[in-house]
DNA sequence: GGTTATTGACTTTCTTTGACTTTCATTTTT
DNA sequence: AAAAATGAAAGTCAAAGAAAGTCAATAACC
């Protein structure tokens, strides 16, 4: 039972592929095409095309409005440095960490197997301690793994 | 009069047979089919399709949700099963964990890169919390990663 | 009597929808 | 020409819907 959101995600990714990582679309048009509420498009953008997943969104309202989706393309080493120095502080949610791992896989920094091992390591369920500390422990683990990956690349 | 749980177990096993050891199902659908409470399905999964018995379960909630059941190849994975069931309890030292990872690398179960990522994830330094809990957290993480690897080797 | 099954109420997670708001461009009034 | 009205977008947020999870109470079976 394919989810609508997944179909829209695939559709947008195919368009991005064709158009070299950047595209503009009309929210209502797309909603019409998929016969859904316009706000469904926002949901897909928020959950599947977030910054952590490596996309940047710009838009404009009013007549002639649009939504522009940009696939970010940073050098992999720079990206990992950015994650270590800026993105991950001393706490990070499971969702955000998963999105980052997803993105690293997308960029070919890690293999699929590696991505699954990493996701296992940062799971709430995996980290068996008080919720208040989970995000902190997760941040530490994530940074330790990223540091290792960075080393591997140099 | 065979017990309901046994019937459901048989049913799922037959499906697994047909589908080469991996299948996806809808909890409510199956519960409807057997005219039982949905939570009965969870009971069957917990008691008959546990990791101990060689199955791995994944699921997702919400619209388009599912339950995925994966039959693991117990024979070729007996070392990992041993680790999960016997060797690693609810605590493990960094040294012991590293030894295990090293051994898995030696046996060709994981790649060198994977071994380094795993070691990063279970380092004392990686896990930034009170020493008293470190060994417990490490055990959880280790088991989560091993479980994932089990699935990968299927 | 103790273990194993079954059920149901409640919770959590993820998705979809719709009502309402904001922003911008164009057209109409004054 | 400036101001006001209109219409055409996109944004927000909360409610409804669609699954699966949890847990404790009861029931059934050795």
**Request:** For helix A:112-122, report the angle its Cα long axis makes with the longest principal axis of the Cα atoms of chain A; keep it between 0 and 90° and round to the nearest 10°.
**Result:** 70 degrees
**Prompt:** Once both axes come from the Cα atoms, what is the angle between helix B:4-18 and the longest principal axis of chain B, in degrees from 0 to 90, rounded to 10?
**Reply:** 70 degrees
**Message:** For residue A:152, project a label point 7 Å along Cα to C-beta. Then give me every residue of the stretch B:100-115 with its amide nitrogen under 14 Å of that point.
**Reply:** B:105, B:110-115
**Prompt:** Placing a label point 7 Å from Cα toward Cβ, how far apart in nm is residue B:29 from its equivalents in the other copies, listed shortest first to one decimal?
**Reply:** 3.6
**Message:** At 7 angstrom along the Cα-to-beta-carbon line, where would the label on residue B:79 sit relative to the other copies? Give the distances in nm, shortest first.
**Reply:** 3.3
**Prompt:** When a footprinting reagent is the concern and you count Cβ atoms within 10 Å, what order do A:47, A:131 take, fewest first?
**Reply:** A:131, A:47
**Fill in**
Honestly chain B on the Cα gyration tensor test (a ≥ b ≥ c root eigenvalues; a/c under 1.5 rounded, otherwise a/b vs b/c for prolate or oblate) is just prolate
**Item:** Average beta-carbon neighbours from other chains, 10 Å sphere, peptide A:129-140
**Value:** 3
**Request:** First check a/c for the protein assembly as shown, with a ≥ b ≥ c the square roots of the eigenvalues of its C-alpha gyration tensor; if it is under 1.5, answer rounded, and if not, answer prolate when a/b is larger than b/c or oblate otherwise.
**Result:** oblate
**Message:** When a/c reaches 1.5 or more, the comparison of a/b and b/c decides; with that in mind, is the stretch A:77-151 rounded, prolate or oblate per its Cα gyration tensor?
**Reply:** oblate
**Prompt:** the stretch A:84-154 to the stretch B:32-51: how many Å between their Cα centroids?
**Reply:** 33 Å
**Asked** Which angle between 0 and 90 degrees, to the nearest 10, do you get for helix A:131-152 versus the longest principal axis of chain A when only C-alpha atoms count?
**Response** 90 degrees
**Prompt:** For A:115-124, what's the mean count of beta carbons from other chains sitting within 10 Å of each residue's beta carbon?
**Reply:** 6
**Request:** Pull out the extension gain between residue B:29 and residue B:98, defined as 0.36 nm times the separation in residues minus the alpha carbon to alpha carbon distance; nm, one decimal.
**Result:** 20.4 nm
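FYI, it's all coordinate maths here, none of it is from the lab. Because the structure is predicted, anything quoted here is derived from the model rather than measured. Quick reminder, even Gly has a Cβ in these numbers, built from the backbone with ideal geometry, and neighbours come from all protein chains shown.
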